[in-house]
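Inspection log for the structure reproduced underneath, given as structure tokens.
What follows draws every value from the coordinates through simple rules; no lab data is involved. The model shown is predicted, which means the values in this text are computed figures rather than measured ones.
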Amino acid sequence: MKVRSIRFSTVLLIIGGILWVFFGMSLASSPPGFPSKEIYRDSVGTMPWLSIGMLFITTGIAIFYRIYAFRKGIVKLSFIMVQTGGVLYFIGHSLRQFLNGGWEPAAPIGFILIIIGMFIFGLRSIKLKFFPNPTGYLVVLSSLCLLFFNDQFLTAWMSVPFGLIWIAIGGLFLKSSKMDKS
């Protein structure tokens, strides 16, 4: 059961990473916006897909939380922040579709929660070594990619390394789950 859950969560991480790479490249390849001049990049077609990818990634993280039973302290807080942030980010971008691109606070609040939660979790996993060796460093690096991500500027390209990192993390866990089974 544990190996099957790990594999399912790695599939979610990999699919979420692929969505971030593919739609992030699509977003970053479009003409940039200049918000100071009231000119905005059209991200209505890509941001919902990025939010779905984020929901896959945060759900994969939540499954790892359940498997490894991190029930106390700052690790629990970081998982709560990541999961709450993922849901808010998804809800926010869904609302934007219904509001015709209007502003709403759920997506930015969710995004900030994800960044902080991933950063804390990455630092704790480096210290406590609960996952394969480079995983904690990759989680910290992914949170830094999100910190600099902005859909209106050149930094939209930060979506690509973010997605690649989660594909790599999914691959590390998939590889380790195969070793556990044999």
Mind scanning K2/K127; K76/K175; K72/K129 and naming the pairs with a C-alpha gap bigger than 21 Å?
-> K2/K127; K76/K175
Pulled fully out, how much extra length does the chain show between I39 and S94, if you take 0.36 nm times their separation in residues and subtract their Cα-Cα distance?
-> 17.6 nm
Enter the angle in degrees (range 0 to 90, nearest 10) between the Cα long axis of helix 106-128 and the first principal axis of the Cα atoms of the chain, meaning the one along which they spread out most.
-> 30 degrees
Which angle from 0 to 90°, rounded to the nearest 10, does the C-alpha axis of helix 159-181 make with the longest principal axis of the chain?
-> 20 degrees
Debye-sum result for the chain in log10 I(q)/I(0), which assumes one identical scatterer on each alpha carbon, at q = 0.13, 0.17 Å⁻¹ = -0.62, -1.02
Quick one: Cα centre-to-centre distance for the stretch 36-85 and the stretch 1-28, in angstrom?
-> 12 Å
Given 0.36 nm per residue, what is the gain on full extension from S26 to I74 after removing their alpha carbon distance, in nm?
-> 13.7 nm
Average silhouette area of the stretch 61-147, convex hull of alpha-carbon atoms, in square nanometres = 5.7 nm²
Taking the Cα atoms only, what angle lies between the long axis of helix 2-29 and the longest principal axis of the chain, rounded to 10 degrees?
-> 20 degrees
Taking the chain as a Gaussian network, where each spring joins two C-alpha atoms under 10 Å apart, which residue of G86, G17, G110 fluctuates the most?
-> G110
More than 17 angstrom apart: percent of Cα pairs within the stretch 18-80 = 57 percent
